[in-house]
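Visitor: Sharing a structure with you now.
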Amino acid sequence: MPPFSGLLTKLIDSDRVTQMAERVAGRSRMGVWQRTMHQLPTLGPTEARGYLRARGIAIVHEETLRLIEQEGRLVARYQAEIEDAALQLLIDVISVQVAQSQAAGRRRAA
């Protein structure tokens, strides 16, 4: 029975980390966008992802610390996981946004 209990705990923790990462990503999105929007259209997809990661980590870190203050110190043990997941969510969302914007611009130009 203990292996099942451990697996269930991991699933619950994973789901909770995902929910917290989504909250952090939502709170960080505008700040990351404002920091990167001028440079992103000039970069290729790989460079843009790296640029988003480099410029966005400070904002995600700050929002994660705010979440820990709100939720309590128990959340602090998941800080790295929350930050990684939130940053990945932001990179994915903003990358799609930029690609759609560039495609729309090409369609208008044609």
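The values are calculated or read from the model by the stated rules, or taken from the named source; none is laboratory data. All figures in this text were calculated on a predicted structure; none of them were measured in a lab. Heads up, the Cβs are rebuilt from the backbone with ideal geometry, glycines too, and the neighbour counts pull from every protein chain shown. Each accessible area value is taken on the protein alone, full model and side chains, heavy atoms only, with ligands, DNA and RNA left out. Shrake-Rupley method; radii C 1.70, N 1.55, O 1.52, S 1.80 Å.
Visitor: Could you check THR42 against (1) under 22 Å from GLU22 (Cα atoms); (2) open to solvent by 40 Å² or more (accessible area, probe 1.4 Å); (3) free of Cβ contacts under 8 Å to residues at least 12 places away in the same chain and say which number it fails?
Guide: The one condition THR42 does not meet is (1).
Visitor: Which one is modelled with the highest pLDDT among residues in region 67-110 that are of a type in the set (S, T, N, Q) and open to solvent by 100 Å² or more (accessible area, probe 1.4 Å)?
Guide: GLN70
Visitor: Quick check on my filter: what residues within region 20-39 are open to solvent by 70 Å² or more (accessible area, probe 1.4 Å) and in contact with a Phe, Trp or Tyr (Cβ under 9 Å, 6 or more places away or on another chain)?
Guide: GLN39
Visitor: Is it the case, given these coordinates, that VAL17 is of a type in the set (Val, Ile, Thr), more than 17 Å from VAL93 (Cα to Cα) and either crowded, with 17+ Cβ neighbours inside 10 Å or modelled with pLDDT of 95 or more (or both)? Lay out the reasoning, then the answer.
Guide: Working: of a type in the set (Val, Ile, Thr): yes; more than 17 Å from VAL93 (Cα to Cα): yes; either crowded, with 17+ Cβ neighbours inside 10 Å or modelled with pLDDT of 95 or more (or both): yes.
Yes, satisfied.
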